[in-house]
C-alpha cells in the first residue's frame, strides 16, 4: 500500500477516534442525557443504512425501492438468535450481527440473480416487491411473532458499538471504491454498455455491489433490533425504504460523507419539529422540495468531505489565498517587432568580393529568440543547426 494512502487512512482514523473520545466523555460526564444518547445511536444506524443504499443506488446506479426488506431480514435473524440461542448476551449479539449480514446477503443473491441480468428499472420493481413480500411473510409466520412481532430483545446496542460499526462500514465502502472492483462498478454506473464492451463482467460486479449493500443493511437491522427491543412488520414497510432513499438523495448520490450528513440532518429534524405536530410533515416536505429545487444534486453531490475541504475552508475563513507556484515556459513570450528578426543587409545583387544576401533577408538573426527556438527544433529532428545534414549520419554515397 502506498505511503500516501496509509497516511490518509491514519489521519482519518485519528479524526474518528478524536470525535469518539469527545462524544464518549460527554456521555460519561452526563453532558448528554439518555434522550440525546438514543438519537446519537439512531443517527449511526441510519447512517449505516443510508451508506448501504447509496452503494447500490449512487455508486452502482441501480434504483432500489425495497432496501428496508434487507434490514428486516437482518433484524429478525439477530432477534431470533438472541432470544432462542441461550448464548451469553454479547456472544449472541456478535453471532446475530454476523448471521444477519449473511442472511441479508443470501436474500440479495436470490433477488439479484433474475434482476441484475436485465437492464432498466427491473431491480427497482423487484426490490419493491421483495420489501412487500418480506413484511407479509413476517406477519404470516409464527416464529416471527406474526402481526404482534417480537419483544424482549436484549437492549445491547450502545453508542460505541454503533459508532465503530459505522466507521467499519465507511472503511469497507471506501476500500471497495478505490479497488479494481470499485473502478469497474463506477464504470458500470457511467455506461454499462461501454463497460461490457471493455471486458467488464457487468452482472458479476453488479451482484458484488448489491450483495455488499444488502449485507450492510442487514448489519444495520441487527443493530436496530438490539436498540429498539421490539420488532413489528409494519416498521419495515415501503415508507421506511423511501425514508432512506430521501436521505441518499438529500446527501448526494455517490457521496458517503453526504449520506452521513443527510442521516444526521433528517434524524434530528423530525425531533426539532416535534412541537409542531400539526405542521411537522408539511414543513418537512417543504424543506425537501426546496432542496431539490435549489440543490438538485444533494448537499454534497458526488463530492466527499475530506481534510482538504477543511483546509480550504480554514483558508477562506482566515482570508488567506492558496499559494501558487509560477510555471516557467520554455517558449519565449516577449513580443518583439518583426523588423528586429530580419537582417539589416539589403537584397542587392552579389558583386566581386561581396556576399550574396538574396534569400537571406527573411532568416532570423543568430541569438534572437526565434533563431534559438528554430535551432532547438532542428536538434530535436536530428538536423545540424548549421546545415540540413543529420547529426548522426555521414554521407557515404558515390563521389
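Every read-out reported here was derived from the displayed coordinates using simple, explicitly stated rules and does not represent laboratory data. Only a predicted model underlies this, so the values are computations on that prediction, with no experimental measurement involved. All Cβ positions, even for glycine, are placed from backbone atoms using ideal geometry, and neighbour counts span all protein chains on display.
At a Förster distance of 30 Å, what's the computed FRET efficiency of residue 281 paired with residue 172, Cβ-Cβ distance as r, to 0.05? Efficiency for this residue pair is about 0.30.
For the pair region 192-218 and region 77-97, the centres of their Cα atoms are 32 angstrom apart. From the alpha carbon centroid of region 99-176 to that of region 1-45 is 25 Å.
Approximating the spin labels as points 7 Å out from Cα along Cα→Cβ, the residue 242-to-residue 132 distance works out to 1.4 nm. The modelled label-to-label distance between residue 85 and residue 110, using points 7 Å beyond Cα along the C-beta direction, is 2.1 nm. Relative to the current alpha-carbon distance between residue 4 and residue 190, full extension at 0.36 nm per residue lengthens the span by 64.2 nm. A simple spin-label model places the labels of residue 269 and residue 230 2.8 nm from each other, with each point 7 Å out along Cα-to-Cβ. Between residue 25 and residue 197, residue separation times 0.36 nm minus the direct Cα-Cα distance comes to 56.5 nm. Overall shape: oblate for region 117-243, with the ratio a/c of the largest to smallest alpha carbon gyration tensor axis at 1.5 or above and b/c at least equal to a/b.
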